[in-house]
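S.K.: One structure, pasted below without further comment.
The values are calculated or read from the model by the stated rules, or taken from the named source; none is laboratory data. Not measured: the values here are computed from a predicted model. Please note: Cβ atoms are built from the backbone with ideal geometry, for glycine as well, and neighbour counts cover all protein chains shown.
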């Protein structure tokens with residue numbers, strides 16, 4: 001039943017071959033980055049697009065709109081994670097928990113250097129030096145980020161725990177269409 005409604009929900013939001021769930025953040029979003037530009041506040045990089053998209057909205061507004069699509073607000077999700085996991089600083093945010101989409105801040109969210117990585121697209125991180133890493137994304141794209149390997153690794157572990165807790169689990173179905181019950 002849940003799959004039917006998820007498919008219906010996704011089809012109603014389909015745009016250019018991708019699920020555009022928030023007019024900015026999608027299931028294809030690799031990262032959000034604050035930009036210093038008079039007309040744009042946020043750079044959005046998606047896996048299925050060669051060029052980045054620039055938004056007039058702040059990262060916080062984009063995150064809030066995305067969270068609302070899935071039934072909460074950015075603040076609501078932040079408080080839930082802080083209470084459930086005790087992740088008080090650099091709190092990871094389950095943006096679209098029904099799809100396993102968790103946003104990971106590299107620094108404090110209000111820090112100008114912060115980049116929001118989307119956990120399900122991070123394939124690997126490679127230490128460049130003591131204070132920088134290269135992130136390899138699901139589409140093969142690479143991005144250098146000024147953060148220590150240990151710090152980002154800890155953040156990605158937090159994201160994995162949050163995704164595991166909040167992503168719905170669908171138990172496997174038997175191949176023959178029956179159930180698992182038996183008589184003794």
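S.K.: Can you tell me which residue is surrounded by the most Cβ atoms within 10 Å (Cβ to Cβ) among those in the stretch 85-105 that are out of contact with any helix residue (DSSP H, G or I) (no Cβ under 6 Å at 6 or more places or on another chain) and more than 19 Å from residue 69 (Cβ to Cβ)?
M.R.: This residue is 105.
S.K.: Within the stretch 148-184, how many residues are assigned to a loop (DSSP other than H, G, I, E, B) and modelled with pLDDT under 90? Please lay out each step first, then the result.
M.R.: First, pick out the residues of the stretch 148-184 that are assigned to a loop (DSSP other than H, G, I, E, B): 148, 167-184.
Checking the rest, the ones that are also modelled with pLDDT under 90 come to 167-184.
Here the count works out to 18.
S.K.: So which residues in the stretch 40-67 are without any contact (Cβ under 8 Å) to a residue 24 or more places away in the chain and either within 18 Å of residue 96 (Cβ to Cβ) or in a strand (DSSP E or B) (or both), if there are any at all?
M.R.: Listed by number, the residues that qualify are 42, 43, 44, 54, 61, 64.
S.K.: What's the number of the only condition in (1) out of contact with any helix residue (DSSP H, G or I) (no Cβ under 6 Å at 6 or more places or on another chain); (2) surrounded by 15 or more Cβ atoms within 10 Å (Cβ to Cβ); (3) part of a loop (DSSP other than H, G, I, E, B) that residue 120 fails to meet?
M.R.: (3)
S.K.: Next up: Here are the criteria: (1) surrounded by 16 or more Cβ atoms within 10 Å (Cβ to Cβ); (2) in contact with a helix residue (DSSP H, G or I) (Cβ under 9 Å, 6 or more places away or on another chain); (3) over 25 Å from residue 46 (Cβ atoms). Tell me which single one residue 149 does not satisfy.
M.R.: (2)
S.K.: Identify the single condition in (1) within 14 Å of the chain's Cα centre (by Cα); (2) under 21 Å from residue 36 (Cα atoms); (3) without any contact (Cβ under 8 Å) to a residue 40 or more places away in the chain that residue 123 does not satisfy, given that it satisfies every other one.
M.R.: Going through the list (1) within 14 Å of the chain's Cα centre (by Cα); (2) under 21 Å from residue 36 (Cα atoms); (3) without any contact (Cβ under 8 Å) to a residue 40 or more places away in the chain, residue 123 breaks only (2).
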